[in-house]
Amino acid sequence: MNNSNLRSHCPITTGIDVIGDKWTLLIIRHMLFRHKHTYGELHDMKERIATKVLAERLKTLAADGLIEKRNHPTNKKVFLYTLTDKGISTIEIMAKIIDFSVTYYRNQVVVKPIDKTKLSYIYMHSTSEATFVKKAKQDYIKFRKKLIGV
């Protein structure tokens, strides 16, 4: 999103304009925590994003510098999507949303028995929010390096 598409100079409005739509953080979550990196994998979300919406969001995320789109090394019909450092930095925002949800909507986000693969579980069992953020960043950077060699 270029500056001419932003509604105002308010930092909250700007943030919402960039990442506050219904799908952006879910796509980033899928990439960051589940290491999904192709269109097909990203489309396979339980929240059921429409194909046209996913294609549009991926273009916007790339234009905003939150993700990079690369050719697949062995299949010309497939593209690889990876988070940039800017995209990875959204983990801090997600951590705050997770904290809010776990604190005020615990029955909604924590199911019984507790699923150790859920973000709420991983977040709640980290020694701190900073540890959760640091580990998530490190894990993704390691994954990205292995995937694209950078």
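What is the local net charge at T84, summed over the other residues whose Cβ is closer than 12 Å to its Cβ (Lys, Arg +1; Asp, Glu -1)? Net of charged neighbours comes to +1. Among the chymotrypsin sites (Phe, Trp or Tyr not before Pro) in segment 50-118, those placed in a DSSP loop whose Cβ has at most 15 other Cβ atoms within 10 Å are Y105.
Look at the alpha carbon pairs under 8 Å that are at least 6 residues apart: their mean separation over the length of segment 3-148 gives a relative contact order of 19 percent. Net charge in the neighbourhood of T14 (other residues with Cβ under 12 Å of its Cβ; Lys, Arg +1, Asp, Glu -1) is -1. For the chain, the gyration tensor built on C-alpha atoms gives an oblate shape. Its axis ratio a/c (a ≥ b ≥ c) is at least 1.5, and a/b is not larger than b/c.
For the cross-link pairs K118/K145; K22/K69; K59/K146; K77/K134; K22/K96; K52/K76, the ones whose C-alpha atoms lie over 26 Å apart are K77/K134.
Restricting the trypsin sites (Lys or Arg not before Pro) of segment 1-101 to loop positions (DSSP other than H, G, I, E, B) with no more than 12 neighbouring Cβ atoms within 10 Å leaves R7, K22, K46, R48, K76, K77. Using only alpha-carbon positions in segment 44-119, the gyration tensor eigenvalues give semi-axes of 30, 16, 13 Å once each is multiplied by 5 and square-rooted (largest first).
Electrostatic tally near I67: other residues with Cβ closer than 14 Å to its Cβ, Lys and Arg +1, Asp and Glu -1, net +3. Annotation: amide H of I67 within the under-5 Å range of A62, T84, sequence separation 5 or more or interchain, hydrogens built in the peptide plane. Per-residue Cβ neighbour counts within 10 Å put T24, T103 in the sequence T103, T24, beginning with the fewest.
Values in this text are rule-based calculations from the coordinates and carry no lab data. Keep in mind that what you see is a predicted model, and the values were worked out from it rather than measured. In this analysis, Cβ positions are derived from the backbone assuming ideal geometry, glycine residues included, and neighbour counts consider all displayed protein chains.
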